[in-house]
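Below: one structure, written as structure tokens.
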Amino acid sequence: MIEDFKNIAQEETPPEASAMINTFRAFGYNLRTAIADIIDNSISAKAENIWIEYKWDGAESWVTITDDGYGMNLEGLKLAMTPGSKDPKDDRDEYDLGRFGLGLKTSSFSQCKRLTVATKSEGFNVINRCWDLDYVNETKKWSLLDYISDKSLANKLEDLKSGTTVIWEKLDRLVGNSNKQNEAAMNVFLEEFALVEEHLCLVFHRYMEQKRINILMNGNKLEPWDPFMKHAEGGQLVAKEELDKAQVKVKCYVLPHISKLSAEERKQAKTDEWYKLQGFYIYRQNRLLLHGDWLGLFSKNEHYKNARILIDIPNKLDHDWKIDIKKATATPSFTVRKDLIRLGKLARSSAGSIHRFRGNQIMLDDSIKSFDFQSVWKARKTRDEARHYYVNQEHTLIKGLLEKDSISKKEFKTVIKLIGETTPVESIVQFHSEEPESHELRDTGRDLDQGTIELATMMYKSLIATNTSPEIAVKQIFNIEPFNQFPELVQYLN
């Protein structure tokens, strides 16, 4: 119950304008998340098309984001430009992607010092309002300006029935005071927008797939990037459940093994990034909030890099899931945490089975004798649980060469090529992921054997034959394992 303070002396202490508005610049956006936040407003305004334009012009560079949504009247525009204009506890339309009433301002101020919004409702003329941080810092007042520096930046609105254009100028965080001729600064500028394109193709991929929006950057239409590869051969949907009174929908996907993908498919799927892309993918109203994160429930592991779990939540669960202003972090609610752990284990297990099969570790294990086929490489565990890999002398080709008194140069090249091409890299990586301690253990206590002596002597003679001095030859040999474990070897090198 709220106490009655009517008879208590009261004072209003509004925040100092320049201090507060500059605080809005420190919310941790980057260019990608900032532009995505503006697009959220366009989607909430029922836009079908969004045009992102940017131009390199040194310190005069600019960015515009235009949509064909329903636009705003003057009252709505001023409200949109007012910080904290929305209570996060208020009920919202199910398609509303905002929450705090801060996104337009905080995302924009994170990138620029001048934010102008021009808008047009159907049947009305274009109106605009502007925040200029330099002016606010000078006047110390919340002075929202009826100003636009260049009306041509909002020209696209003239051809639309309704819509809104967000204009960013004074891009101090992105270009600073760079000269137009500064090629290095220009390249950074363009590289940032290449990252923006990649980000938007992922974050809004479901909207694009459902033909609900089109996003164009400098005239180029963006195509959706599906992180679950739902239509790829060999992919699996291993589980599908509804949690928290059917409010939270979960789908567990396992991507196909990389060997099933063509070179072009691997490039499109970004297989080189699969390790960091594994984990949960949280969507709110089809908009991706967070991806490639196990949410503190599991750690990332090479063995499970094919596992990705889709989670759909409604915007009314924002508070329960602790969605932040940038819409870039989330924490699963207590009611679903146990279920997500269970489903995560299921997806990870299914992903791991792909690598167990493809890696063929059974063939590597030298304790298993039930296979007629002999692999080139074998692995054994010592009494200390360390894993050692070695070339299998029972392999048909290697055994045949060992039985000869001499071999030709061609035969030697053949066996070297075979050993190199069959090195079980994938299995070694998996073993290390499952039992990292097995590769960290080293058998440093073993005695010097005749084979090691003969190999070191052969290498020493080979180096001397190339006019390497004896001192340098010895140093080179003792920089190599396992010779560096046996200092007594020096007596055999002469």
Assigned charges on the beta-carbon of Lys, Arg, Asp, Glu; the chain dipole about Cα centre (debye): 800 debye
Amide proton proximity set for L290, modelled H, under 5 Å, gap of 5+: I282
Dipole of the chain, positive direction: furthest Cα of L493, M458, I39, with charges on the beta-carbon: M458
P(r) of segment 172-225 over all Cα-Cα pairs, binned every 10 Å from zero, in whole percent: 23, 39, 25, 13, 1
Rounded FRET efficiency, nearest 0.05, which uses the C-beta distance separating E273 from E209 and R0 of 25 Å: 0.75
Reach of K381 by Cα under 16 Å, taken over lysines that are not fewer than 8 positions away in the same chain: K369
Dipole magnitude of segment 169-313, debye to nearest 20 (Cβ charges: Lys/Arg +1, Asp/Glu -1, about Cα centre): 440 debye
Pairwise FRET efficiency - E198 versus Q491, Cβ, R0 = 60 Å, nearest 0.05: 0.50
222 nm mean residue ellipticity, helices alone, for the chain (DSSP H n ≥ 4; -39,500 (n - 2.57); rounded to 500): -10000 deg cm²/dmol
Sorted peptide list for 158-168, 389-399, criterion being average Cβ within 10 angstrom, highest first: 158-168, 389-399
R0 of 30 Å, Cβ-Cβ distance T13-N177: FRET efficiency to nearest 0.05: 0.25
Approximate spin-label separation Y389-T23, in nm, with each point projected 7 Å along Cα-to-Cβ: 5.6 nm
From phi via Karplus (6.51, -1.76, 1.60), per-residue ³J(HN,Hα) for segment 162-175 in Hz, x at Gly/Pro: 7, x, 9, 10, 9, 10, 10, 10, 6, 6, 5, 6, 9, 10
Positive-end residue, the chain charge dipole about Cα centroid, Cβ charges, pick of L317, T64, S152: L317
M229 long-range amide H proximity, modeled H, under 5 Å: none
Long-range amide H partners of S178 with built H, under 5 Å: A59
Share of Cα-Cα pairs in the chain lying beyond 45 Å, as whole percent: 38 percent
Most positive-pole-ward Cα, W377, A307, A118, against dipole of the chain from beta carbon charges: W377
Estimated vicinal HN-Hα couplings, Hz - segment 288-296 in sequence order (Karplus 6.51, -1.76, 1.60; Gly, Pro = x): 6, 9, 8, 8, x, 8, 8, 6, x
Per-residue ³J(HN,Hα) for segment 487-493, Karplus 6.51 cos²θ - 1.76 cosθ + 1.60, θ = phi - 60°, Hz, x for Gly and Pro: x, 5, 4, 4, 5, 9, 9
For segment 236-357, share of DSSP beta bridges that run antiparallel, in % to the nearest 5: 75 percent
Sequence ranges 403-413, 200-210, ranked by mean other-Cβ count within 10 angstrom, highest first: 200-210, 403-413
Distance between modelled label sites at A263 and D447, nm, 7 Å Cα→Cβ extension: 5.4 nm
Full-extension gain in nm, D4 to K230, via 0.36 nm per residue minus C-alpha separation: 75.5 nm
Unit charges on C-beta of K, R, D, E only; dipole of segment 17-221, Debye: 340 debye
Theoretical gain in end-to-end length, N286 to E242 [0.36 nm per residue, Cα-Cα removed]: 14.2 nm
Extended-chain gain in nm, criterion 0.36 nm per residue less alpha-carbon gap, I407 and L144: 86.0 nm
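The numbers here are math on the coordinates, done by the rules we state, and not lab data. Model, not experiment: these values are computed from the prediction. All Cβ positions, even for glycine, are placed from backbone atoms using ideal geometry, and neighbour counts span all protein chains on display.
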